[in-house]
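Undergrad: The structure is given below, and queries will be raised subsequently.
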Amino acid sequence: ALDRTPPTLTIVRPAPDGFVPAQAAVRGSVEDAHLAEYAITAAPAGGAPVELAHAFQNRVDVDLAGLGALAEGPHVLVMAAEDRALNRSRLERPFVVDSTPPRAAIQSPLEGAFLLRGDLPVRVTGLVGDDHLEEWTLRFGAGRAPASVEPLAQGTTGGNGLALAEWGVRHLPDGPFALVLSATDRAGLASESRVTVTLDGQPPTVALTAPADGRYVTKPTAIVGTAADANLVAWTLEAAPGDTSSAFQWSPMADARESVEDGTLAEWSPLPPDGVYTLRLTARDRVDLDAAARVTVTVDTTPPAPPTGLRSTVTRSVRDGYGDVAVAWDASSEADLAGYRVLRDDLELS
């Protein structure tokens, strides 16, 4: 039989001047009714060809040969076939083997960072590098292992210290968030970097509940209050002579790094000399938000002096023999006097 038709050759992958990883395969077809044999080779620029496949049967739209024997870099793929009538076909395809995934790393903020959630955006920088970079994408999601992530920024240019995004966090809730940077090259290789950060826009909760503002302290007592925050660094309790407008000589009474909610902060014992004092409770969290609470109290451990000038007047009743006793004394000059107690035979009359 007369046969003048050469074998039909098709290369589906790699694409012309395409990029493929070393684990990829040459995909295509070798077709001829009287096929004798075919061979597939690849040669690096200026190098000797490497045989990738040599067979004798038709193959249609299948993986014909692996590329694992090739070094990274540009190559020329050659597919050659011959039939029994000595008709020959040859197909060349330049391509690049790329076995190195892109570099991707979030450089700022750092893993575990606590970030102020305010009006100013958070600047995100990173490293993206690849000789054949396709693109990079930055996403974020709520939680340490978010169920979904939202796009934040993307680009096609790499660099070190690359400004990836200005992350607006004003309307996000407090709590942990994951930032995910992914990069893909033209060979389809991908890399990912992620960091988990915590947003915090609320200052600590502070309150002094006992002794209450304006009260008198007459004996050693527990100072009760609240100093709490999910990201607390520390709280400090101090006291100083004077009211809130004049107190400045602060003396530490207690401090801690754990939150206290409506609990004892310190035992005020021994008490300082009688006088007006201000108690100050301050707390600070990991993004340097702070809060303070103050109360002014009066320490008074000295009882008033006994009344002087005690005297009485008896008024007798002529009719029934009974009378009234009027008791009087000199008024006390003590500034903090609350009142008097009148007793007869240890029984309080008023």
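Undergrad: Students often get this wrong, so try it: which of [x] 15.1; [y] 34.4; [z] 24.1 is mean projected area of the Cα convex hull in nm² as calculated from the structure shown?
TA: [y]
Undergrad: Follow-up question, since we're still on this one. So, with +1 on the Cβ of K and R and -1 on the Cβ of D and E, and no other charges, what is the size of the charge dipole of region 224-350 about its Cα centre, to the nearest 20 debye?
TA: 440 debye
Undergrad: Hey, rough spin-label estimate for Arg344 and Val50, points 7 angstrom out along Cα→Cβ, what's it come to in nanometres?
TA: Placing both labels 7 Å along Cα→Cβ, they lie 12.0 nm apart.
Undergrad: Please report how far the C-alpha centroid of region 126-145 lies from that of region 158-179, rounded to the nearest whole angstrom.
TA: Measuring centre to centre over Cα atoms gives 12 Å.
Undergrad: Counting only protein heavy atoms and a 1.4 Å probe, tell me what percentage of the chain's accessible area is made up of carbon and sulfur.
TA: In the chain, the share of accessible area belonging to carbon and sulfur is 50 percent.
Undergrad: Averaged per residue, what accessible area in Å² does the chain show with a 1.4 Å probe, protein chains only?
TA: On the way: 20210 Å² over 350 residues.
Each residue of the chain exposes 58 Å² on average to a 1.4 Å probe.
Undergrad: A further question follows. List the relative contact order of region 217-327 as a percent without decimals, with contacts defined as Cα pairs under 8 Å and 6+ residues apart. Could the numbers behind the result be given before it?
TA: Numbers: 218 pairs, mean separation 30.9, N = 111.
RCO, region 217-327: 28 percent.
Undergrad: If you filter region 100-151 for trypsin sites (Lys or Arg not before Pro), then keep DSSP loop positions with at most 14 other Cβ within 10 Å, what is left?
TA: Filter output for region 100-151: Arg144.
Undergrad: In addition: Averaged across orientations, what area in nm² does the convex hull of the alpha carbons in region 221-305 project?
TA: Working: hull surface 24.2 nm².
The Cα convex hull of region 221-305, projected and averaged over all directions, gives 6.1 nm².
Undergrad: Along region 210-226, what does the Karplus equation 6.51 cos²θ - 1.76 cosθ + 1.60 (θ = phi - 60°) give for ³J(HN,Hα), rounded to whole Hz, x for Gly and Pro?
TA: The phi angles translate into 8, x, 6, 4, x, 7, 9, 10, 10, 8, x, 8, 7, 9, 10, x, 10 Hz.
Undergrad: Ignoring ligands, DNA and RNA, how do Ser312, Ser259 rank by accessible area with a 1.4 Å probe, largest first?
TA: Values: Ser312 80, Ser259 55 Å².
Largest to smallest exposure gives the sequence Ser312, Ser259.
Undergrad: Roughly how much of Tyr340 is accessible, in Å² to the nearest 10, using a 1.4 Å probe?
TA: 90 Å²
Undergrad: What is region 1-131's relative contact order, in percent, from Cα pairs under 8 angstrom and six or more apart in sequence?
TA: For region 1-131, the relative contact order is 27 percent.
Undergrad: Right, another one. Under the 0.36 nm per residue contour assumption, what length would be gained going from the current alpha-carbon distance of Val233 and Ala145 to full extension?
TA: Gain in length upon complete extension: 29.2 nm.
Undergrad: Rounded, prolate or oblate: which fits region 42-175 when a ≥ b ≥ c are the square roots of the eigenvalues of the alpha-carbon gyration tensor, with rounded for a/c under 1.5 and prolate only if a/b beats b/c?
TA: In terms of gyration-tensor shape, prolate.
Undergrad: Hand me the chymotrypsin sites (Phe, Trp or Tyr not before Pro) from region 72-136 located in a DSSP loop with no more than 10 other Cβ atoms within 10 Å, in residue order please.
TA: none
Undergrad: Which whole-number percent is the relative contact order of the chain (Cα, under 8 Å, 6+ apart)?
TA: 11 percent
Undergrad: Let me ask something else about it. Among the GluC sites (Glu not before Pro) within region 263-350, which fall in a DSSP loop and have no more than 12 other Cβ atoms within 10 Å of their own Cβ?
TA: Listed in order of number, the matching sites are Glu334.
Undergrad: Let me ask you something else. On full extension of the chain, what length is gained from Tyr216 through Leu2, given 0.36 nm per residue of separation minus the C-alpha to C-alpha distance?
TA: Gain on extension, Tyr216 to Leu2, equals 65.0 nm.
Undergrad: If you don't mind, there's one more thing I want to ask. Please build a GNM for the chain, connecting alpha carbons under 10 Å apart, and tell me which residue among Ser245, Ser191, Ser332 fluctuates the most.
TA: Looking only at Ser245, Ser191, Ser332, the largest GNM fluctuation is found for Ser332.
Undergrad: Please list His132, His171 in order of solvent-accessible area, largest first, computed with a 1.4 Å probe with all protein chains present.
TA: His171, His132
Undergrad: Take the alpha-carbon centre of region 263-278, take the same for region 53-108, and report the distance between them in whole Å.
TA: Region 263-278 and region 53-108 have Cα centres separated by 84 Å.
The values are calculated or read from the model by the stated rules, or taken from the named source; none is laboratory data. Since the model is a prediction, treat every value here as computed from it, not as a measurement. Note: ideal-geometry Cβ built from the backbone for every residue, glycine included; neighbour counts use all protein chains shown. Only protein heavy atoms, including side chains, enter the accessible area calculation; ligands, DNA and RNA are left aside. Shrake-Rupley method; radii C 1.70, N 1.55, O 1.52, S 1.80 Å.
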